[in-house]
2 protein chains.
Amino acid sequence: MANLKSLAEHLGLSQATVSRALNNYSTVNQETRAKVLEAAKKLNYRPNSSARRLATGRADAIGIVLPHQDDLLVDPHFADFLAALTKKLATYDNDVVLTATDTPQTYQRFAEIGKVDGFVISAPKAHDERIAVLSKLNFPFIVHGRCETDLPYGFFDIDNEGAFYDATKLLLQLGHTRIGLINGAADLMFAKQRLDGYNRAHKEFGIKPALELIHHDHMTEEYGYRHAQALLDLDDRPTAFLCSSTLVTVGAQRRIREMGLEIGKDISIITHDDGLSSLKTENFSVALTVTRAPIRDAGTQIAKMVVDLVRGTPIEQLQKVVPVDLIVRTSTSAPRRSRS
Amino acid sequence: MANLKSLAEHLGLSQATVSRALNNYSTVNQETRAKVLEAAKKLNYRPNSSARRLATGRADAIGIVLPHQDDLLVDPHFADFLAALTKKLATYDNDVVLTATDTPQTYQRFAEIGKVDGFVISAPKAHDERIAVLSKLNFPFIVHGRCETDLPYGFFDIDNEGAFYDATKLLLQLGHTRIGLINGAADLMFAKQRLDGYNRAHKEFGIKPALELIHHDHMTEEYGYRHAQALLDLDDRPTAFLCSSTLVTVGAQRRIREMGLEIGKDISIITHDDGLSSLKTENFSVALTVTRAPIRDAGTQIAKMVVDLVRGTPIEQLQKVVPVDLIVRTSTSAPRRSRS
């Protein structure tokens, strides 16, 4: 099998001329071009990706930059998202390029040196400097989620606000008036959206939730335990929890059990369920009521959207928010009249 | 900021000549080279990565191919591994290129077109065709784990056999004679190694474990539950479980509790603990006895090893097996004399 170098040597031409001939540049005359194509076929030439990229200007790759300080990738949700994204991009002959960094300047460097054709931005903050950086570079990107900005950008998001509005409303309708919220980190947009939904439902019921009921943190089992503990130690403890992830709920459940309380009786729980393949909410000892949106769907959709964007689809056609199902199981019921 | 094209235009030279001058090819005379370097400096030239790669022959990227049929990435262990690998590779200015495929031919294609400088092979099977494919291509790769092959290759592995030998021996010494093994998929090498350790310890104690005690499957919460159920439904049910992952143990624990049994009293448990940041074994309601090897360490070590390999370190110096700690907590005790 020939590469550019051996093909050029065989023909007695420069690599640059052969490359231009193969890529149909007008500066190469037709006779030379025909000779090059014939030899390429005969010698079974396959273009080196760098050579091909230099000619086409395309990397056939989508970049994801992991923030050094966070543990984005370690989040099992992100693993499911990345799996779906990678598989869908492969159907377009595109790869995912992962790198880690501390600064938004990496986006600039990546874009300039042509390593990728576009980016997927994960876990956006309400005010996310990456949007401004990439917009200024005029480099294609799709955000998984949304931000607070006036800049136009493509995004795929679930209706986080609506989901937590629905969930909170269900709990309020059941008669709960003290609902603990164990949410993601406060600067993340989805956490802000979910808090907005929680607050809107309360407002409709004329209830102002106490600040002590609202917790923001990383979404691990350990923090789920700790925040459930803090909530259950309150003098007037909540009768229901609203949790932002399944792992948080595993931790909360651990604390509830330690205290001898029963889920779905002493404490109602609704959790957001990203449809993790390794941990299913329907399998919990008390099957969990959930707001459900499989994160793999987001990976699949965003793969298509970012390829479309690179190929020239206008941003306005690449802005999508999907509704979230509220699935009621046995972890929710009316609060007990008197508590021990 | 100039690119190769604008720099060449400014100088009135071909892009190929400018590229060769910048990369110090002997075919370019010193005078031309000096002129090119001066202009590059003045115009703030930054090489396009494809141009640089074409010149250096290096991609500064390491490839990982996800099998389409498996859910490798969805495994939270793999997420932790990938996070550590990506972060360490970034310190060498290397990225991770992820792609998904069904066939080992992808490795061949990737190697030929120069997208990556080397591969990391995850989740090897005992007989893994990827080793033969990459060896034949003479393309650098490091295996996370080991295989059964006569071909030389670089690897980083934990002592899975030793870990499960130690764990089984502890249970046997405590007096358990019926130990259920909930292991990973049977064709994966680590599962085979762990089974070997389980069998070796039994052999030393003159006990032949019944086949009904040995289970292999995907390592999800759901399968942990199902296999624990099957084991606890045996007429002569085991008094101890040895589990291959923390999530499996979450599922097993769910079934044990449903049956009203107590961990550390009715059923002893030892689990392998990859040190997942999102799920900690010391936080289980009954703190778990574990064989512990943080999978992030493997990611960090393999990043260095694969870069060393690409840079020319001999394979023989890139073969590493690290021991595994056995950490005893409260989930293990002697079996009860009589069982209900």
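Here chain B was treated as a single set of alpha-carbon atoms; its pair distances binned every 20 Å from 0 give 28, 43, 20, 9, 1 percent.
In the range B:110-128, what residues drop by 50 Å² or more of accessible area when the other protein chains are put back, versus the chain on its own? Use 1.4 Å, and skip ligands and nucleic acids. By number: B:E112, B:I113, B:K115. Which residue, B:I263, B:I113, B:I64, has the most motion in a Gaussian network model of chain B that connects Cα atoms within less than 10 Å? Top of the fluctuation ranking is B:I113. Summary value for the range B:92-189: 24 percent relative contact order, contacts being C-alpha pairs under 8 angstrom separated by 6+ residues.
Other residues lying with their Cβ under 11 Å from the Cβ of B:T177 contribute a combined charge of +1, Lys and Arg counting +1, Asp and Glu -1.
Ordering B:K280, B:K87 by accessible surface, largest first, gives B:K280, B:K87; the 1.4 Å probe counts only protein heavy atoms, with every chain in place. Express the Stokes-Einstein translational diffusion coefficient of the range B:235-340 in µm² s⁻¹, to the nearest whole number, given a Kirkwood radius over alpha-carbon pairs, 37 °C and a viscosity of 0.692 mPa s. This corresponds to a translational diffusion coefficient of 207 µm²/s.
The order of B:Y92, B:Y153 by accessible area, most exposed first and with a 1.4 Å probe, is B:Y92, B:Y153. If you take all other residues with their beta carbon under 9 Å from the beta carbon of A:G63, and give Lys and Arg +1 and Asp and Glu -1, the sum is -1. If you run the Gaussian network model on chain B, springs between alpha carbon atoms under 10 Å, then out of B:A163, B:A21, B:A61 the most flexible one is B:A21. Using a 1.4 Å probe over protein heavy atoms, the accessible area lost on pairing A with B, summed over both chains, comes to approximately 4800 Å². Within the accessible area of the protein assembly as shown, the carbon and sulfur atoms contribute 47%, probe 1.4 Å, all protein chains present.
Within the listed set A:Q319, A:Q105, A:Q15, the Gaussian network model of chain A (springs between alpha-carbon atoms below 10 Å) gives the highest mean-square fluctuation for A:Q15. Only the Cβ atoms of Lys and Arg (+1) and of Asp and Glu (-1) were treated as charged; on that basis the dipole of the range B:189-232 about its Cα centre amounts to roughly 240 debye.
Rolling a 1.4 Å probe over the protein heavy atoms gives the range A:84-207 an accessible area of 36 Å² per residue. Note: the protein assembly as shown, Cα convex hull, 166 Å³ per residue.
DSSP beta bridges fully contained in the protein assembly as shown are about 15 percent antiparallel. A helix-only calculation puts the protein assembly as shown at -13000 deg cm²/dmol for mean residue ellipticity at 222 nm, using -39500 (n - 2.57) for each DSSP H run of at least four residues, averaged over all residues. Near A:S14: Cβ cut-off under 11 Å, other residues only, Lys/Arg at +1 and Asp/Glu at -1. The net charge is +2. By a 1.4 Å probe calculation restricted to protein chains, A:E9 has an accessible surface near 130 Å², given to the nearest 10.
Taking the DSSP beta bridges with both ends in chain A, the antiparallel portion is around 10 percent.
In the range B:281-301, the residues whose accessible area drops by at least 50 square angstrom when the other protein chains are added to the isolated chain are B:N283; the probe is 1.4 Å and only protein heavy atoms count.
The values are calculated or read from the model by the stated rules, or taken from the named source; none is laboratory data. Remember, predicted model here, so these are calculated numbers, not experimental data. Virtual Cβ from ideal backbone geometry, glycine too; neighbours counted across all protein chains shown. In case anyone asks, the SASA skips ligands and DNA or RNA and just uses the protein heavy atoms, side chains included. Shrake-Rupley method; radii C 1.70, N 1.55, O 1.52, S 1.80 Å.
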